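*Asks:* If you scroll down you'll find the structure; I have some questions about it.
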2 protein chains.
Amino acid sequence: MISNSCIPLKVGICGLGTVGFGTLQLLKTNAEEISRRTGCEIHVVHVATRTLDQKKVASVPASGTDPFALVNDPDVDVVIETMGGFEPAFSVIKKALEKGKHVITANKALIAEHGNELFATARANNVTLSFESAVAGGIPIIKALREGLAANKISSLAGIINGTGNFILTEMGANKRQFDDVLAEAQALGYAEADPKFDVEGIDAAHKLTIMASIAFGLPLDFNKTYTEGISKITPEDIIYADELGYKIKHLGIAVLNGTQAEVRVHPTLISKSQLLAHVNGVDNAVLVEGNAVGSTMYTGPGAGADATASAVVADIIDLARTKASGADRPPIAMLGYLEPRSDLTVLPIEDIRSEYYLRILVDDKLGVMAKITSCLQDAGISIEAVIQKERVSQTVSIVILTDTALEADLNKALTSIESLDVVSGKINRIRVASLAK
Amino acid sequence: MISNSCIPLKVGICGLGTVGFGTLQLLKTNAEEISRRTGCEIHVVHVATRTLDQKKVASVPASGTDPFALVNDPDVDVVIETMGGFEPAFSVIKKALEKGKHVITANKALIAEHGNELFATARANNVTLSFESAVAGGIPIIKALREGLAANKISSLAGIINGTGNFILTEMGANKRQFDDVLAEAQALGYAEADPKFDVEGIDAAHKLTIMASIAFGLPLDFNKTYTEGISKITPEDIIYADELGYKIKHLGIAVLNGTQAEVRVHPTLISKSQLLAHVNGVDNAVLVEGNAVGSTMYTGPGAGADATASAVVADIIDLARTKASGADRPPIAMLGYLEPRSDLTVLPIEDIRSEYYLRILVDDKLGVMAKITSCLQDAGISIEAVIQKERVSQTVSIVILTDTALEADLNKALTSIESLDVVSGKINRIRVASLAK
C-alpha cells in the first residue's frame with residue numbers, strides 16, 4: 001500500500017441497517033483501493049444503531065444506541081446518517097452540521113421535504129451535506145448533474161427512479177400479469193416493502209425527482225409541488241396496447257424547464273420503443289438528461305441494494321477526503337448545484353401541462369360510439385393521432401386513443417364528457433405520453 | 001445575476017477549430033448559468049489559432065497565431081489546448097504546466113501516448129491537467145470513473161467509444177449495406193475523416209480505452225499494450241448471423257482486471273441483445289462499467305460534436321473554478337484517479353486472453369466438411385456452442401460457429417488448421433464474443 005499523505009478521515013455511522021452496514025463493510029473491503037485513490041485512510045470510529053449487534057461493530061472503537069452521542073463524539077469528523085425517517089434523523093443531521101461536522105445521508109425523503117433548512121445550516125457552518133446515495137442508488141447522477149453537466153442549461157430530465165415500480169411494470173409486460181399479482185411477488189422477493197405505498201404510488205420517486213429538479217434547474221426544493229401519480233391502475237392490456245402503438249409504459253419522474261416555468265411530475269408514461277430508456281428493465285434505474293450543449297445523456301444502473309447504495313455513500317466520503325487533502329477551507333461545490341436557488345421559477349400545476357395522452361375507454365359495442373367520443377374530444381379542441389379498437393370479447397370493448405398534444409385541463413374536460421356518455425362504462429384509463437429528446 | 005464571490009478565472013484557448021470555438025461560444029451562451037453554479041465568471045482573455053478570423057475572436061482581449069505567446073501571457077490562468085495532434089500541442093501543454101498554469105485538453109492521442117510525462121510535469125508544478133472531453137465527448141465518464149465510482153474495485157469496462165464506427169455498424173445492420181458503402185456516406189456526412197483510419201481501425205477508440213483503463217485500474221498509461229483491431233472486415237452477413245444467434249456486433253473497447261492481469265483491447269465484438277449496450281445506435285457512445293460494490297452502471301450520450309465536447313471542456317473549467325474558490329492549495333483529485341499507477345499490473349497479450357468466438361467459414365458444399373472443421377476445433381480443445389449452416393447459394397456456403405470459451409492462442413491454432421483444409425476458401429472471419437456482466 002502506498003504511504004498516506006493525509007490524516008485519516010474519522011467517520012461515524014448512525015443507523016446500521018442495509019445501507020449503514022453496507023457502508024461499514026465496503027469501507028473495509030475496499031480500504032486498499034480507497035487509499036490508493038485518495039491517499040487517505042477512512043476510519044469508522046463510532047457507530048450508533050438501535051439494536052447493537054457486537055459482531056457487526058467488532059472493529060469499531062466506539063458504539064452505542066444513541067446517535068446524539070455519536071454526533072457529540074469529538075473524534076468524529078463526518079457523520080453518516082443511514083437511519084432513514086424524519087426523526088431523529090433530522091435532528092441528528094442538524095446537530096452534526098451545527099457542530100461543524102460534514103454529513104452524508106441516504107435519506108431522500110428528508111432532503112426533499114426538509115432539505116432547505118438543512119442546507120442552510122450546512123452553509124452557515126461551512127460544512128457539506130452530501131446525498132449522492134439518496135437518488136438512483138449507485139448511479140452517480142447527483143455528481144453528473146451538479147458537476148459533469150455543469151456547463152449546460154438543463155432543459156429536461158426523465159428518470160426511472162424507483163426499481164420496485166420498474167420491476168412490476170417489466171414483469172406485467174413480459175408475462176401479461178396483473179399489478180396485484182406482481183406486487184405480491186415483489187414483496188416476497190424483498191423488492192417492495194410490506195407497505196408498498198412509497199414505491200408504487202410514486203412518493204419515493206417524487207422525493208428523488210424533487211431533488212434532481214432542484215439541482216438541474218436551480219429550483220428551490222418544494223416536494224409539495226411535485227405531482228405524484230402511481231402505477232396501480234396500469235393493466236397488462238394497457239401495456240399490450242401501448243406496445244402495438246410503438247410504446248413502452250414506464251413509471252417516470254419528469255422535470256422540464258421552459259423559460260421560467262417548470263414541470264415536476266411523477267406518473268406512468270408512454271415512451272417510444274426507439275428510446276434507450278424504454279429498454280431499461282427490472283429493478284434498474286436510469287436518468288435521461290437533456291442539456292443545451294451536451295444534448296441527451298443517460299445514466300443507468302442499480303437504484304437500490306446495500307452495496308450499490310454504499311458505493312454512493314463512500315463516493316461522498318472520498319469527495320470529502322480529497323477536498324480535505326487539497327487544503328480547501330470551504331466546500332468547493334454548492335450542495336444543490338446552484339449557489340442560490342432561483343426565485344424566478346414557478347412550478348406548473350398538472351392541469352397546465354401540455355402532453356399527448358393515451359386513453360383506454362371501455363364502451364358498449366354499439367354503432368356510433370366512436371363518433372360520440374371523438375366529438376367530445378373535438379369539442380375540447382383535441383385531435384386524435386391513432387386509434388385501436390379490438391374485436392368484441394364481451395358486451396363491452398376497449399377503445400384506445402392516442403391524442404395529439406393537448407392542455408391537461410382541456411383533456412380533463414373531454415374525459416368528463418366522455419365518461420358521462422351512456423355507452424361508456426367506468427373510468428377512462430389515461431396515461432401521459434412523453435416526447436423525450438431521444 | 002447573483003453576486004460573484006470569486007475572482008474571475010482567466011482562460012486562454014489554443015486552437016479555434018470545432019472544439020475550441022465550441023468552447024468559446026459555450027462560455028458566452030451559458031455564462032449566466034455557469035456563474036449561478038460557480039459564483040465565478042470565466043473570462044476568455046486570449047485565443048491563439050492558426051488562421052485568425054477576427055469575427056470569431058471579437059470579444060477576446062488578446063488573440064494571435066502563437067500558442068506559446070498565449071502560454072506566456074501572464075493574464076492567462078488556465079490554458080485550453082484544442083489544437084489536436086502531437087506538436088506543438090505537447091510542448092504547449094508542457095510549457096503551460098511548467099509555468100504553473102492549469103491545462104485542459106481534448107487531445108486523447110496525446111494523453112494516451114504521452115500522458116505519463118505530462119501528468120508528472122503537472123504534479124511537479126502543483127497544477128491540474130484535465131481531459132474529460134478526451135473520452136466519450138460530452139459524457140462525464142472520466143468523472144464517473146475517477147470520482148462517482150471511486151469506492152469500487154472496478155473489474156471491467158466495455159465501451160462504444162467511437163461514434164463513426166458505431167454509425168457504420170448500425171447502418172450496415174439496419175439496411176444490410178456493405179462497409180465501404182456506409183463509410184463513404186459517413187465521410188459525406190462529416191462523421192468520418194477523409195482518412196478514416198483512426199476511427200475504423202480502432203486507433204481513436206484505443207486511445208480512449210487506454211485512458212479509461214488507467215483510471216479504472218490504476219494501470220500505467222501504455223498505449224502500445226492496447227490491442228487494436230478495426231471493423232473493416234465485418235460484413236452485413238456477419239451482422240445477420242450474429243442477430244440469428246441473439247447478438248449484435250459492436251466495436252468495443254474492453255478492459256478487464258483479473259487479479260493483477262489486465263486485458264485492454266479494442267475489436268469488433270458480439271454482445272447479447274439482452275444488453276442495453278447492444279441498443280446504443282448511431283453516433284452515440286456508451287460505457288458500461290462493472291464495480292465490485294455498485295455492480296453494472298452505464299453512461300451514454302454523444303461522443304463527439306462541437307457542443308457536446310465543449311460541454312466537457314467547460315465542465316473541467318468549472319471544476320477548476322470551484323476548486324479555486326474553495327481555497328485549495330493543491331489539486332484535490334489525482335488526475336488518473338490513483339495517486340500512483342500500480343506497478344504490479346501486467347497487460348496480457350491478445351493470445352493469452354480467453355473468450356468465446358464467432359467464426360464464419362466459407363466452405364465447399366461437400367459431405368463431411370463439418371466433421372473436418374469440428375475435428376480441428378476438437379484437436380485444439382475447443383467446444384462448440386452453436387452452429388448455423390445456410391442453404392447453398394453458390395458453390396460455397398457459409399458455416400457459422402459459436403465456440404465455448406477458449407484461449408485465443410488455441411483458437412489461432414485451430415483456425416490455421418481449418419484454413420488449411422482443402423474444402424475451406426479464404427480467411428475465416430473471427431469475431432470475439434463478450435460476456436458482459438449485464
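The values are calculated or read from the model by the stated rules, or taken from the named source; none is laboratory data. Bear in mind the structure is a predicted one, so any value in this text is a computation, not a measurement. FYI the Cβ positions are ideal-geometry reconstructions off the backbone, even for glycines, and counts take in every protein chain you see. The protein model used for the area step is the full one, side chains on, heavy atoms only, and it has no ligands, DNA or RNA in it. Shrake-Rupley method; radii C 1.70, N 1.55, O 1.52, S 1.80 Å.
*Asks:* Using each residue's phi in the stretch B:271-285, evaluate 6.51 cos²θ - 1.76 cosθ + 1.60 at θ = phi - 60° and report the 3J(HN,Hα) Karplus result to the nearest Hz, with x for Gly and Pro.
*Replies:* 10, 4, 5, 6, 6, 4, 4, 5, 9, 7, 10, x, 7, 5, 10
*Asks:* Another one. Per residue, how large is the accessible surface of chain A? Use a 1.4 angstrom probe and give square angstrom.
*Replies:* 37
*Asks:* With the solvent-accessible surface defined on protein heavy atoms using a 1.4 Å probe, which residues belonging to the stretch B:283-329 display a reduction of at least 40 Å² in accessible area in the multichain context relative to the isolated chain?
*Replies:* For the stretch B:283-329, once contacts with the other chains are taken into account, B:293, B:294, B:298, B:299, B:300, B:302, B:311, B:322, B:326 lose 40 Å² or more.
*Asks:* Over chain A, what is the percentage of antiparallel beta bridges among all DSSP beta bridges, to the nearest 5?
*Replies:* In chain A, approximately 65 percent of DSSP beta bridges are antiparallel ones.
*Asks:* Count the net charge of all other residues whose Cβ sits under 12 Å from the Cβ of residue A:121, scoring Lys and Arg as +1 and Asp and Glu as -1.
*Replies:* +3
*Asks:* Using helices alone, what [θ] at 222 nm do you get for the protein assembly as shown, with -39,500 (n - 2.57) per DSSP H run of 4 or more residues, divided over all residues and rounded to the nearest 500?
*Replies:* Computed mean residue ellipticity for the protein assembly as shown: -10000 deg cm²/dmol.
*Asks:* Further question: Shape verdict for the protein assembly as shown, please, from the Cα gyration tensor: rounded (a/c under 1.5), prolate (a/b greater than b/c) or oblate.
*Replies:* Judged from the Cα gyration tensor, the protein assembly as shown comes out rounded (a/c under 1.5).
*Asks:* Still on this structure: With a ≥ b ≥ c the root eigenvalues of the C-alpha gyration tensor of the stretch B:56-188, is it rounded (a/c under 1.5), prolate (a/b larger than b/c) or oblate?
*Replies:* oblate
*Asks:* Determine the distance separating the Cα centre of the stretch B:306-359 from the Cα centre of the stretch B:16-67; give it in Å without decimals.
*Replies:* 25
*Asks:* Further, regarding this structure: Please work out whether the stretch B:155-250 counts as rounded, prolate or oblate from its C-alpha gyration tensor, where a ≥ b ≥ c are the square roots of the eigenvalues and a/c under 1.5 means rounded, while otherwise a/b larger than b/c means prolate and anything else oblate?
*Replies:* Taking the square roots of the gyration eigenvalues as a ≥ b ≥ c, the stretch B:155-250 is oblate.
*Asks:* In the stretch B:23-58, what residues drop by 30 Å² or more of accessible area when the other protein chains are put back, versus the chain on its own? Use 1.4 Å, and skip ligands and nucleic acids.
*Replies:* In the stretch B:23-58, residues shielded by partner chains: B:30, B:33, B:36, B:37.
*Asks:* Right, another one. How far, in degrees from 0 to 90, does helix B:203-217 lean away from the longest principal axis of the Cα atoms of chain B, to the nearest 10?
*Replies:* That works out to roughly 80 degrees.
*Asks:* From the backbone phi of the stretch A:364-377, what are the Karplus-calculated ³J(HN,Hα) couplings (6.51 cos²θ - 1.76 cosθ + 1.60, θ = phi - 60°) in whole Hz, Gly and Pro given as x?
*Replies:* 5, 7, 10, 4, x, 5, 4, 4, 5, 5, 5, 5, 4, 5
*Asks:* Using the per-residue mean of other Cβ atoms lying within 10 Å as a proxy for protection, in what order, highest first, do the peptides B:375-383, A:39-47 fall?
*Replies:* Most protected by this proxy first, the peptides run A:39-47, B:375-383.
*Asks:* Right, next: To the nearest whole number, what is the average tally of beta carbon atoms from other chains within 10 Å of the beta carbons of peptide B:130-138?
*Replies:* Partner Cβ neighbours, averaged per residue: 2.
*Asks:* Now for a different question. Taking H as built 1.01 Å from N, whose amide H comes closer than 5 Å to the amide H of residue B:106, not counting residues under 5 places away?
*Replies:* The list, which skips near neighbours in sequence, is B:81.
*Asks:* With a point put 7 Å past each Cα toward its Cβ, work out how far residue A:362 is from residue B:50 in nm, to one decimal.
*Replies:* With each label placed 7 Å out from Cα toward Cβ, I get 7.0 nm.
*Asks:* In the Gaussian network model of chain B, springs joining C-alpha atoms below 10 Å, which of B:120, B:310, B:371 carries the largest mean-square fluctuation?
*Replies:* Between B:120, B:310, B:371, it is B:371 that shows the largest mean-square fluctuation.
*Asks:* Here is the link list: A:176/A:366; A:176/B:176; B:208/B:273; A:56/A:99. Which ones come out longer than 32 Å on Cα distance?
*Replies:* The pairs that break the limit, which is 32 Å between Cα atoms, are A:176/B:176.
*Asks:* Now for a separate question. Angle between the Cα long axis of helix B:306-325 and the longest principal axis of chain B, 0 to 90 degrees, nearest 10?
*Replies:* 50
*Asks:* Going 7 Å from Cα along the Cα-Cβ axis for the label, what nanometre distances separate residue A:279 from the same residue across the other copies?
*Replies:* Between copies, matching label points for residue A:279 lie 0.5 nm apart.
*Asks:* Which GluC sites (Glu not before Pro) does the stretch A:361-438 hold that lie in a coil by DSSP with at most 10 other beta carbons within 10 Å?
*Replies:* When the GluC sites (Glu not before Pro) of the stretch A:361-438 are filtered for loop state and at most 10 Cβ neighbours within 10 Å, A:391 remain.
*Asks:* Given a cut-off of 21 Å, what percent of all Cα-Cα pairs of the stretch B:243-349 lie beyond it?
*Replies:* For the stretch B:243-349, the fraction of Cα-Cα distances above 21 Å is 58 percent.
*Asks:* Amide H neighbours of residue B:425 under 5 Å, at least 5 residues apart or on other chains, H built in the peptide plane: list them.
*Replies:* Residues meeting the criterion, in which the H sits 1.01 Å from N, are B:362, B:363, B:364.
*Asks:* What are the label-to-label distances in nm, one decimal and shortest first, from residue A:390 to the same spot in the other copies, with labels 7 Å along Cα to Cβ?
*Replies:* Values, ascending and in nm: 3.9.
*Asks:* Same structure again: Going 7 Å from Cα along the Cα-Cβ axis for the label, what nanometre distances separate residue A:124 from the same residue across the other copies?
*Replies:* Ordered by increasing distance: 5.0 nm.
*Asks:* I've got another one for you. Give the residues of the stretch B:46-84 whose amide nitrogen is closer than 14 Å to a point set 7 Å from the Cα of residue B:28 in the direction of its Cβ.
*Replies:* B:46-47, B:53-62
*Asks:* Also, I was wondering about something else. Name the nearest-to-axis residue of chain B, judged by Cβ distance to the rotation axis taking chain B onto chain A, and quote that distance in whole Å.
*Replies:* Result for the axis mapping B onto A: B:328, 2.
*Asks:* Once neighbouring chains are kept in place and the probe is 1.4 Å, which whole percent of the accessible area of the protein assembly as shown is contributed by carbon and sulfur?
*Replies:* 49
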